[in-house]
Amino acid sequence: MEVIEGNIQKERLELVQKGISNGMDYREYRDLVRHLAKSRQTTGVDQLESLVNYTELNDRRMNRWDKTLKVPSEIEEKISKVKSKLTFLVLSESWCGDASPSLPVMNKITELNPNIEFKIVLRDENLELMDEFLTNGSRSIPKLIVLDKEKDEIVSEWGPRSSTATDMVEAYKKEHGTLTSEFKQDLQVWYNKDKGQNILRDLVELLPLE
């Protein structure tokens, strides 16, 4: 059993490393989403009008997050103390509403510490990787995987939403069964009011602080 488990972990690690090698940096991802929004397209095979509209909306949202996100000094200090060489690898798609507030926060963290790099891959082009990091059996995105490059070890994962947003979603599902477009809009309003702070706190808790 230990040999089988070891082989599974090795295959998982190899998929993560392959994703990092093939991944985009944040600027490349933002350029891609901006280009798709301007040309009325979206990532993925299904060029549905609804997904195109979400891509346009997310491009505007990420522009706003990139400009307005503030990191409190005490959190910035924690980020600066990370000595381990880490890679943030995230699975996403341009139409994903939960990715638009999360990816700018991940990028800001990596900008504040040169020991942390950031790579992004598209979920539907990396389903083998995605299926190793399901959330409750679902291919939910964004999905963040944190790799310690020196140890060749996956040290943590996160997603698809912040802790408070997850609680809101679970409570709504319990009462209503499924997420409505109205709830999704309310969730984006909450993201805007929170200003990325819940996501930021969640992510900092994943970091190996020395």
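The values are calculated or read from the model by the stated rules, or taken from the named source; none is laboratory data. Keep in mind that this is a model prediction, so the values were computed, not measured. Every residue, glycine as well, gets a Cβ built from its backbone with ideal geometry; the counts of neighbours run over all protein chains shown. These accessible areas exclude ligands, DNA and RNA; they are computed on the full protein's heavy atoms, side chains included. Shrake-Rupley method; radii C 1.70, N 1.55, O 1.52, S 1.80 Å.
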Normalised by the residues of the range 73-144, what does the relative contact order come to in percent, with Cα pairs under 8 Å and at least six apart? 43 percent
What is the set of long-range amide H partners of Ser94 at a cut-off below 5 Å, with H atoms built 1.01 Å from backbone N? Thr43
Please label the shape of the range 153-199 as rounded, prolate or oblate, based on the square roots a ≥ b ≥ c of the eigenvalues of the alpha-carbon gyration tensor (a/c under 1.5 means rounded; beyond that, a/b larger than b/c means prolate, else oblate). oblate
What part of the accessible area of the chain, given as a whole %, is carbon or sulfur when the probe is 1.4 angstrom? 48 percent
If a/c stays under 1.5 just call it rounded; otherwise compare a/b with b/c (prolate if a/b is bigger, oblate if not). Do that for the chain, with a ≥ b ≥ c from the square roots of the Cα gyration tensor eigenvalues. rounded
Per GNM of the chain with C-alpha springs under 10 angstrom, the most fluctuating residue out of Lys184, Lys83, Lys67 is Lys67
Surface per residue (accessible, 1.4 Å probe) for the chain, Å²: 53 Å²
Tell me, what are the semi-axes, in whole angstrom and largest first, of the equivalent ellipsoid of the range 110-194 as set by the roots of 5 times the Cα gyration tensor eigenvalues? 28, 17, 12
Amide H neighbours of Thr135 under 5 Å, counting only residues 5+ apart in sequence or on other chains, H built in-plane at 1.01 Å? Ser140
Here, Asn192 and Ser80, labelled 7 Å along Cα→Cβ, have an inter-label distance in nm of 3.3 nm
Simple label model, 7 Å out from Cα along Cβ direction - Asp31 to Ser163, nm: 3.7 nm
Expressed in square angstrom to the nearest 10, the accessible area of Thr110 with a 1.4 Å probe stands at 20 Å²
If you take the square roots of the eigenvalues of the alpha-carbon gyration tensor of the range 41-101 and sort them as a ≥ b ≥ c, do you get rounded (a/c under 1.5), prolate (a/b over b/c) or oblate? oblate
